[in-house]
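Working notes, structure below.
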Amino acid sequence: MLDRQNFEHVLVYGARLAGQRVQAYLAGEGIEVSAFLDRDASLKDVDGICVATATDWATKHSAANACVIIGLFNNYVDVGEVVTQLQQLGYGRVISLVEFVRYYPKDQPFRYWLVEPSFYEAHADRIARMREQLADETSRELLDRIVEFRITGDYLRLPAPTPRQYFPNDLPDWPQPLRFIDCGAYTGDTVEEMRAAGLAFDAVATFEPNLENYAVLVKSLSDLNAVNFPCGVSDGNRRVGFDGALGAGGHLVESGGEIVTCVRMDDALPGFAPNLIKMDIEGEEPAALEGAKSMIVEHRPNLAISIYHRAEHLWSIFEQLRSFDLNYRFYLRCHAHSSFDTVLYAVNSLEEIR
């Protein structure tokens, strides 16, 4: 538990959604937050709590008597830089979200990979088996660093993000022209980035359940003659709730939300014969892979599968693909900060690439 008696002030770094959730949680535990810290100097207060930059607050108070809890949980911010700045300014203690969840595991509002650190320790044997099967030292070292970060909360353990998500420079080239299936296509940004990098396409199929995103997607890819589905992908054909409030982080929900349709790719794309499938579908990846199993087994496409939406996906999606027994070579790359946008690449070792 947070030892409030050792510090005159408890502060939360980050005045947006994640920081507000930290503050609300602390309020429920009877702990008062003195202020939010944020780089956005235009913010003055949030729900009556003042907002200041870390530098400004430290000039007016004793930073050594303050404990700062990191309230940042997204892929855009290099939290390691934030932690270093807070330490240089002399703040008494900086607590990562990993540590915060360790101290207060009950009813945490955070999703994705953020769970009690002991969860990773309990699955150390499965992580070790995955490590043995990764194809290069970069992947193995990255796995080690991700696990260490998620256990210790030390943001400085993570390497810089790898550029060119879904087609990184240091992996084997994808076969061209591509017969590409984009699951979680959002506004068509992945296809656009691939085209800008010079990749050629023979056929494109996209799945995007949010109709606003879908409208932009259809317009963006109109010259490709792509097959675009206004639905999600899963292991069954059904209707389900979808929460699109987080934009690119829109995800299926058990109740509420906008009603969307999900389909099995095996049913939706008979005969498509892909050579590359990408999935970034907010935790539905295992179900979607099961719904595309026949297609994957028959055509052995290369795969780029997001594995950061659930803690266990770091190893369980690898285990699922290994069970298909298709002789893939597996690579791991992380394309954003704080281990967001971690992608497992399954490369068809039967193809002549590079």
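For the reader, a short list of remarks on this structure follows.
- Prolate/oblate/rounded label for segment 1-69 (Cα gyration tensor, a/c 1.5): oblate
- For a straight C-alpha distance cut-off of 15 angstrom, the aspartates and glutamates reachable from Lys60 (same-chain residues fewer than eight places away being disregarded) are Glu8.
- Remark: segment 33-80 carries a charge dipole of roughly 120 debye about the Cα centre, counting +1 on each Lys and Arg Cβ and -1 on each Asp and Glu Cβ.
- In a reduced charge model with +1 at each Lys and Arg Cβ and -1 at each Asp and Glu Cβ, segment 67-209 shows a dipole moment near 400 debye about its Cα centre.
- The H on the amide N of Val68, modeled in the peptide plane, is under 5 Å from the matching H of Leu11, Arg93, Val94, Ile95, each at least 5 residues off or on a different chain.
- Shown here for segment 4-84: trypsin sites (Lys or Arg not before Pro) in loop regions (DSSP other than H, G, I, E, B) with at most 14 other Cβ atoms within 10 Å, namely Arg39, Lys44.
- Per-pair calculated FRET efficiency, R0 = 45 Å: Asp325 and Leu17 via Cβ, rounded to 0.05: 0.60
- Span from the segment 159-230 Cα centroid across to the segment 80-97 one, whole angstrom: 38
- Three-way shape label, segment 61-111, alpha-carbon gyration tensor, a/c 1.5: oblate
- Relative contact order %, the chain, counting alpha carbon pairs below 8 Å whose residues are six or more apart: 15
- Between the C-alpha center of segment 1-68 and that of segment 256-296 there is a gap of 42 Å.
- Checking (1) 21.8, 67; (2) 18.7, 54; (3) 20.7, 64 against the coordinates, the calculated Rg and Dmax of the Cα atoms in Å falls under label (1).
- Counting only residues at least eight positions apart within a chain, or on another chain, the lysines with an alpha carbon under 21 Å from that of Lys278 are Lys219, Lys293.
- Close amide H pairs (under 5 Å, H built 1.01 Å from N) link Val204 with Phe180, Val227, residues at least 5 positions away or on another chain.
- Theoretical FRET efficiency, 1/(1+(r/R0)^6), r = Cβ-Cβ of Glu8 and Ala124, R0 41 Å, to 0.05: 0.55
- Segment 164-217 shape via C-alpha gyration tensor axes, a/c threshold 1.5: prolate
- Rounded to the nearest 20 debye, dipole of the chain from Cβ charges on Lys, Arg, Asp, Glu: 200
- Loop-located trypsin sites (Lys or Arg not before Pro) in segment 143-242 (DSSP state not H, G, I, E or B) with no more than 15 neighbouring Cβ atoms inside 10 Å: Arg164.
- Computed from label points 7 Å out along Cα-Cβ, the spacing between Asp144 and Ala27 is 4.4 nm.
- For Thr342, the amide hydrogen comes within under 5 Å of the amide hydrogens of Ile307, Tyr308, His335, counting only partners 5 or more places away or on other chains and with H modelled in the peptide plane.
FYI, it's all coordinate maths here, none of it is from the lab. Only a predicted model underlies this, so the values are computations on that prediction, with no experimental measurement involved. With ideal geometry, Cβ positions are generated from the backbone for all residues, glycine too; neighbour counts draw on all protein chains shown.
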